[in-house]
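This report concerns only the one structure given below.
The values are calculated or read from the model by the stated rules, or taken from the named source; none is laboratory data. Source: prediction; values computed, not measured. Note that each Cβ is placed from the backbone with ideal geometry, even for glycine, and that neighbours are counted across all protein chains shown.
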C-alpha cells in the first residue's frame, strides 16, 4: 500500500497530478490542489485497491488522509464521494458538521445525499476523536511534510464566509504563495472575486486572483 509519495510535478490541473518519483515512475494521482509543474511536491496518499483498478488520492496533511479513510468506511460512501467532500470542506469543517449532526452542511458537497450524510453522522460520531488527535498533537502536524512544504492552517475568515468558499480560498492561497504572493494580499482579492463571480473550482479562482495581483 502506498501512503506517501515525493517527487517532481509533471502535470497538475486541480483534479489530478502526475508525480515523477526518484525511481522514474510517473504516478497519476487524484489531487484537489493546483500544484506548480516542475516543482518538488510531497503528498500523503490513500491507496484504494479494487478488483479491477487501483486509485491514488492525494492529501495535504495526515489528518486529511485519515479523515478520508474514515469517510470511506461508511456504508454507501465511495472514495470519489468522500474525496468530493474533502475537496468542498476543510477537515475541521467536516468534523464539526458530524459532531453537530449538521446534515445540511454535509449534503452541500457534490455527490453527498441526505441518506449518505445521515449514515456518516450515525457511523462516525463515536469515531471522530481518532481524527481530532491529529489536530491536538501539534508536533505531528508541524513536522508532517505536505505539498511543497507549505501547510495551510484553518484561517480566521469572516463569520459569514460559506464553507465551500473557505476551502476555495485555502486552495488559492497555497497556489499563489508558490508564486511569491503574500497571504495578506491574496485573501481580500479572492473574497472580492467570489462575491462578484460564480466560481466552483480552485483553479478558476487562482486564475482570476493572479490577474488582479
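On the given criteria, is residue 117 out of contact with any strand residue (DSSP E or B) (no Cβ under 8 Å at 6 or more places or on another chain), crowded, with 19+ Cβ neighbours inside 10 Å, free of Cβ contacts under 8 Å to residues at least 60 places away in the same chain and not in a helix (DSSP H, G or I)?
So residue 117 does not fit the description; no.
Please tell me if residue 35 is touching a strand residue (DSSP E or B) at 6+ places or on another chain (Cβ under 8 Å) and in contact (Cβ under 8 Å) with a residue 60 or more places away in the chain.
It is true that residue 35 is touching a strand residue (DSSP E or B) at 6+ places or on another chain (Cβ under 8 Å) and in contact (Cβ under 8 Å) with a residue 60 or more places away in the chain.
Could you list, in sequence order, the residues of the stretch 192-206 that are surrounded by fewer than 16 Cβ atoms within 10 Å (Cβ to Cβ) and assigned to a helix (DSSP H, G or I)?
Selection gives 192, 195, 196.
Each row is one residue, and each column tells you yes or no for (1) farther than 30 Å from residue 99 by Cα; (2) in a helix (DSSP H, G or I).
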residue: 9; (1), (2): yes, no
residue: 20; (1), (2): yes, no
residue: 45; (1), (2): no, no
residue: 56; (1), (2): no, no
residue: 64; (1), (2): no, yes
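Would you say residue 182 is at pLDDT 50 or above, out of contact with any strand residue (DSSP E or B) (no Cβ under 7 Å at 6 or more places or on another chain) and surrounded by fewer than 18 Cβ atoms within 10 Å (Cβ to Cβ)?
Yes: the conditions hold for residue 182.
Residues that are touching a strand residue (DSSP E or B) at 6+ places or on another chain (Cβ under 8 Å), modelled with pLDDT under 85, surrounded by fewer than 16 Cβ atoms within 10 Å (Cβ to Cβ) and closer than 24 Å to residue 202 by Cα: does the stretch 149-161 have at least one?
Yes, the stretch 149-161 contains at least one residue that is touching a strand residue (DSSP E or B) at 6+ places or on another chain (Cβ under 8 Å), modelled with pLDDT under 85, surrounded by fewer than 16 Cβ atoms within 10 Å (Cβ to Cβ) and closer than 24 Å to residue 202 by Cα.
For the stretch 99-110, check the following and say yes or no: at least one residue is buried (at least 17 other Cβ atoms within 10 Å of the Cβ), modelled with pLDDT under 90 and under 13 Å from the mean Cα position of the chain (by Cα).
yes
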